[in-house]
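J.: This is the structure I want to talk about, given as structure tokens.
Read the figures in this text as sums done on the coordinates, not as results from a lab. Predicted, not measured: the structure shown is a model, and the values here were computed from it. Virtual Cβ from ideal backbone geometry, glycine too; neighbours counted across all protein chains shown.
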Amino acid sequence: MSELLVRAATPDDSRCIAHVHVQSWREAHTDQVPEALSEQLDVELSAWRWAARLRGETPPGAERLGDAWVAIVDGRVVGFSSAGPSRDADRPETDAELYALYVLAAHYGTGAGRALLEAAVGDRPASLWVLSGNDRALAFYAKHGFAPDGASREDDRWGGPLRELRLTR
């Protein structure tokens with residue numbers, strides 16, 4: 001079995017993170033999001049944004065995504081996570097918010113997701129937003145102590161509403 005390494009992401013990881021972000025988004029959300037959204041995912045744009053974020057900048061048209069970590073197997077980035085202070089007005093800023101956690105489908109069940117979650121938020125109080133129909137993600141987060149807290153939001157920028165649920169622990 002290959003060894004899993006999780007470490008803080010660096011600007012040199014930006015292209016690998018972008019690749020994982022685009023591929024894993026498509027793997028996880030193919031039947032859950034409007035096709036227009038998946039078609040707009042662009043590795044080059046994502047790599048540029050991640051490089052800026054990992055240098056501590058906020059790229060135009062994007063948010064700063066806190067600190068980031070990568071999961072590496074056999075020298076290859078297979079997942080990443082990003083977290084920082086809660087951005088929700090009704091949550092304490094001292095709580096963590098998991099902004100992103102993506103793992104390539106070929107590495108589901110290997111411990112990469114758990115290791116990335118632990119690196120990002122540890123065992124402190126935290127929240128995250130997840131697509132309401134993403135049963136795999138909902139089960140993963142429930143296994144790690146997260147539960148819906150009743151908050152939800154809709155994003156209709158992509159030709160149809162995407163409903164997200166907030167999970168907290």
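J.: Among the residues of the stretch 107-127, which ones are part of a helix (DSSP H, G or I) and among the acidic types (D, E)? So that I can check it myself, show each step before the final result.
T.: In the first step, residues of the stretch 107-127 are kept if they are part of a helix (DSSP H, G or I); the result is 107, 112-121.
Within the stretch 107-127, E118 is the sole residue that qualifies.
J.: Sort out which residues of the stretch 64-106 are part of a strand (DSSP E or B), of a type outside the set (G, A, S) and without any contact (Cβ under 8 Å) to a residue 40 or more places away in the chain, and write them in order of number. Break it down into steps so the answer makes sense when it comes.
T.: Step one: of the stretch 64-106, the residues part of a strand (DSSP E or B) are 67-73, 76-85, 96-103.
With of a type outside the set (G, A, S) added as a condition, the list becomes 67, 69-70, 72-73, 76-78, 80, 85, 97-99, 101-103.
Correct list: P85, E97, L98, Y99, L101.
J.: With the condition kept exactly as written, say whether any residue in the stretch 123-131 is farther than 21 Å from R26 by Cα and free of Cβ contacts under 8 Å to residues at least 12 places away in the same chain.
T.: Scanning the stretch 123-131 turns up at least one residue that is farther than 21 Å from R26 by Cα and free of Cβ contacts under 8 Å to residues at least 12 places away in the same chain.
J.: How many residues are under 15 Å from Y102 (Cβ atoms) and aliphatic (A, V, I, L, M) when one looks only at the stretch 122-169? Walk me through it before giving the result.
T.: In the first step, residues of the stretch 122-169 are kept if they are under 15 Å from Y102 (Cβ atoms); the result is 128-131, 134, 136-137, 140-141.
Those left that are additionally aliphatic (A, V, I, L, M): 128, 130-131, 137.
Summing the residues that are under 15 Å from Y102 (Cβ atoms) and aliphatic (A, V, I, L, M) in the stretch 122-169 gives 4.
J.: Quick test of your reading of the structure: E154 fulfils all but one of (1) surrounded by 13 or more Cβ atoms within 10 Å (Cβ to Cβ); (2) in a strand (DSSP E or B). Name the failing condition by number.
T.: Failing condition for E154: (1).
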